[in-house]
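This report refers to the structure that appears directly beneath it.
Derivation of every value follows stated rules applied to the coordinates shown; laboratory data play no part. Please read all numbers here as calculations on a predicted model, not as lab measurements. Cβ sites come from the backbone with ideal geometry, for glycine too, and all protein chains shown count toward neighbours.
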Amino acid sequence: MWPKFIVVLSFVFVAGLCAGCTSESPVVRHAGKVVSHVDSYGSGTGNSQRLQAAGEMVVGFSYGDPLKRSWKGKIKWALLRQEGDADVYKVESEFISENGATVRKSQSLSYDGESAAVIVVNDQWAISIEPGHSHGT
């Protein structure tokens, strides 16, 4: 009876230790910046913020052209886990067009620190994580 009890007690103790290990937050392994691109990826218009384990930024664009609808947006990201050499982020975007219509998306984005990881939100907005650092927003 006692040997079984000790084995069960040991198993519960080890399982408790392992459960504590999995609750730790993943650590950012790759430097970079989160970039908001107006219209399309690489447009050269938009802003950026240094990549951290979690963050958010407000973005948008006023075209000043009645043929194009101005918009506002919000990007929120959080590091979920590590897969191989990549950090995997949950990226939530909220696009609010000038007429007030709101579109929300949530996607996973895998970033390896070597090449850009891109999400195309729509024909007016793309989001990426780019290698390197950003000095502001």
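Among the aspartates and glutamates, which fall within straight-line cross-link reach of K76, defined as a Cα-Cα distance under 18 Å, with same-chain neighbours fewer than 8 residues apart omitted?
E56, D87, E92, E94, E130
Along the charge dipole of segment 71-137, Cβ charges K/R +1 and D/E -1, which of V103, A86, Q124 sits furthest on the positive end?
Positive-end residue among those listed: V103.
In segment 32-131, if every C-alpha pair distance is counted and binned at 5 Å from zero, what percent goes to each bin?
Pairs per bin, as whole percents: 3, 13, 25, 26, 16, 9, 5, 2, 1, 0.
Please work out how much length the chain gains when fully extended from A53 to K76, using 0.36 nm per residue of separation minus the C-alpha to C-alpha distance, in nm with one decimal.
Length gained between A53 and K76: 7.2 nm.
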